[in-house]
Amino acid sequence: MRKLGISVYPNHSSIQDIKDYIELAANYNFSRIFTCLLSVEGDKEQIVADFKEVIAYAKQFDMEVIADVSPKVFGELEIDYTDLTFFKDIGADGIRLDMGFTGNEEAIMTFNPQDLAIELNISSGTKYLENILAYQADKSKLLGCHNFYPHRYTGLNYEHFIQTSKQYKDQGIRTAAFVNSKNASIGPWPLDEGLCTLEMHRDLPIAVQAKHLWATEVIDDVIIANSFASEEELKELSQIDPYRITMKCELVENIPEIEKKIVLEEFHFNRGDVSDYVIRSTQSRVKYKGHEFEPFHTKNMEIGDILIETSLYAHYAGELQLTKLPMENSGKTNVVGSIVAEERLLLDYIKPWQKFKFESIN
C-alpha cells in the first residue's frame, strides 16, 4: 500500500509545533514520519528526550517513524551496529542509513532482535544493495529511501533516479522519495532552497511532484521533506489516487453536458494499440452511440488538449482522446478542454491499458 509521509526536526522546531503538525497530517491519512539524527548537536540527553516525546506522540496516531542516521552518529551516541537498542528505546520503527557501512554490517542489522526496519539510501547508486544482499541480509527488513537536496541544481537527475529506484523495486523492496512544500522552510540544515529528491520537482506544485513520483511506478511512499507544509497541501496530497493518474484540466466554457460528463465521470483507460499522437479512451463512443455530437470548438490541437470526436467521424463519435503531439483539426473534432501546463508531463506515463481520470479546475 502506497503511503504519504511528513518530516519533522525536533532540534529545529518547538515540540508543540511538531505535535500539532503530526496530528494535522494524521487527520489527512499521512502514516509515516521521517526524522533526522544527522545534525544533532548540543545536550544529548535533552535531544534524546525530545525525540522520544515526538515519536511517542506520533505513535498515538499509528504513524511509522524512521530516523536518519550515519556511522558518525553511531560513534557520537556510542551505538554499535550489532545492538540497536537505543533506537528501539526512543520508539523508532526503523533507521535510515544516510551513509552505509561495508555491506556485511547492514546485513547483520537486518537480523536485529529489536525488529527495526533498515532503510537504505537509494540515491547513491553503485552496487550497494547488491552487496548487502550478497551478505544474505533479511530482505523483509530492508526499505529504500532517496535523499533530498536543499541546494538548488543538486537534486537527482531523472534517469539516475529511475535506474537506482528500479534496483530496489526489482527486489521487491518498498521505496520512498521526497517532495518539496513551497510553504515550509524547516529542514535539517539552515539552507532553504526547497527540499526534494528530483531537481525537476523543485518549483513544481507539491501535488504534481507526488503524482509524478507515483506515475513512475518505482516509488511507493511520498514524503514531504521540509516542515511545516500547509493544511491545504496536506489535504491536496491526501486526495490523490496513488494508483491512477489523475490530471487537472480546464474545460472550455461552452462544453455541452454530455461531453462534460464523458470527461469527468466516465472510466478512462488507454487502448492497447497505442498511437504516437493520441491517448484513446473509447468506451464513451459505445455508451453514447446514437447521440448527436455536434461540432462547436474545432481549433487545431495542441499537446495536452482533451478531444471528443463529433458525429462527423461516424462510429468514432463520442470517443475521448488526449493529444500527445500537435495536430491539424479537420473540423470533425471538438477540443473540449486541456490539461493544465504543469501536469502535462504525466501524459508520458499513460501506458497501454493505463487507467486515468480528470479533475476540473473550473
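The values are calculated or read from the model by the stated rules, or taken from the named source; none is laboratory data. Predicted model, so just to flag it, every value in this text is computed and none were measured. Note: ideal-geometry Cβ built from the backbone for every residue, glycine included; neighbour counts use all protein chains shown. All accessible areas refer to the heavy atoms of the entire protein, side chains included, with ligands and DNA or RNA removed. Shrake-Rupley method; radii C 1.70, N 1.55, O 1.52, S 1.80 Å.
Looking only at segment 141-157, decide whether some residue is assigned to a helix (DSSP H, G or I), modelled with pLDDT of 95 or more and not hydrophobic (A, V, I, L, M, F, W, C).
Within segment 141-157 (the criterion being assigned to a helix (DSSP H, G or I), modelled with pLDDT of 95 or more and not hydrophobic (A, V, I, L, M, F, W, C)), the answer is yes, since at least one residue qualifies.
Condition test on Lys332, is it open to solvent by 50 Å² or more (accessible area, probe 1.4 Å) and over 23 Å from Leu213 (Cα atoms)?
In short, yes.
Using the structure shown, decide if Glu193 is surrounded by fewer than 22 Cβ atoms within 10 Å (Cβ to Cβ), of a type in the set (D, E, K, R) and under 11 Å from the mean Cα position of the chain (by Cα).
On the way: surrounded by fewer than 22 Cβ atoms within 10 Å (Cβ to Cβ): yes; of a type in the set (D, E, K, R): yes; under 11 Å from the mean Cα position of the chain (by Cα): no.
Spelling it out, it is not the case that Glu193 is surrounded by fewer than 22 Cβ atoms within 10 Å (Cβ to Cβ), of a type in the set (D, E, K, R) and under 11 Å from the mean Cα position of the chain (by Cα).
Is there any pair linking a residue in segment 163-178 that is over 14 Å from Glu217 (Cβ atoms) and assigned to a strand (DSSP E or B) to one that is aromatic (Phe, Trp, Tyr) and open to solvent by 10 Å² or more (accessible area, probe 1.4 Å), with Cβ under 6 Å and at least six apart or on different chains, and which?
If the second residue must be aromatic (Phe, Trp, Tyr) and open to solvent by 10 Å² or more (accessible area, probe 1.4 Å), the pairs left are Phe178/Phe148.
From the residues in segment 55-107 that are open to solvent by 50 Å² or more (accessible area, probe 1.4 Å) and of a type in the set (A, V, I, L, M), which one is farthest from Asp17 (Cα to Cα)?
That would be Met99.
What are the pairs, 6+ residues apart or on separate chains, where a residue within segment 347-362 that is under 14 Å from Tyr277 (Cα atoms) has its Cβ under 6 Å from a residue that is of a type in the set (Gly, Ala, Ser) and part of a loop (DSSP other than H, G, I, E, B)?
The qualifying pairs are Pro352/Gly272.
Let me spell it out: the conditions are (1) over 27 Å from Glu232 (Cα atoms); (2) in contact with a strand residue (DSSP E or B) (Cβ under 9 Å, 6 or more places away or on another chain); (3) not in a strand (DSSP E or B), and Ala184 meets all of them except one. Which number is the exception?
Of everything listed in (1) over 27 Å from Glu232 (Cα atoms); (2) in contact with a strand residue (DSSP E or B) (Cβ under 9 Å, 6 or more places away or on another chain); (3) not in a strand (DSSP E or B), Ala184 misses just condition (1).
As an exercise: evaluate Leu312 against (1) in contact with a Gly (Cβ under 8 Å, 6 or more places away or on another chain); (2) outside any strand (DSSP E or B); (3) open to solvent by less than 70 Å² (accessible area, probe 1.4 Å) and give the number of the one condition it does not meet.
If we test Leu312 against (1) in contact with a Gly (Cβ under 8 Å, 6 or more places away or on another chain); (2) outside any strand (DSSP E or B); (3) open to solvent by less than 70 Å² (accessible area, probe 1.4 Å), just (3) comes out false.
Taking segment 170-190 on its own, how many of its residues are under 15 Å from Asn121 (Cα atoms) and within 15 Å of the chain's Cα centre (by Cα)?
Count: 5.
Quick one: is Ser31 open to solvent by less than 50 Å² (accessible area, probe 1.4 Å), at pLDDT below 95 and closer than 26 Å to Ala229 by Cβ?
no
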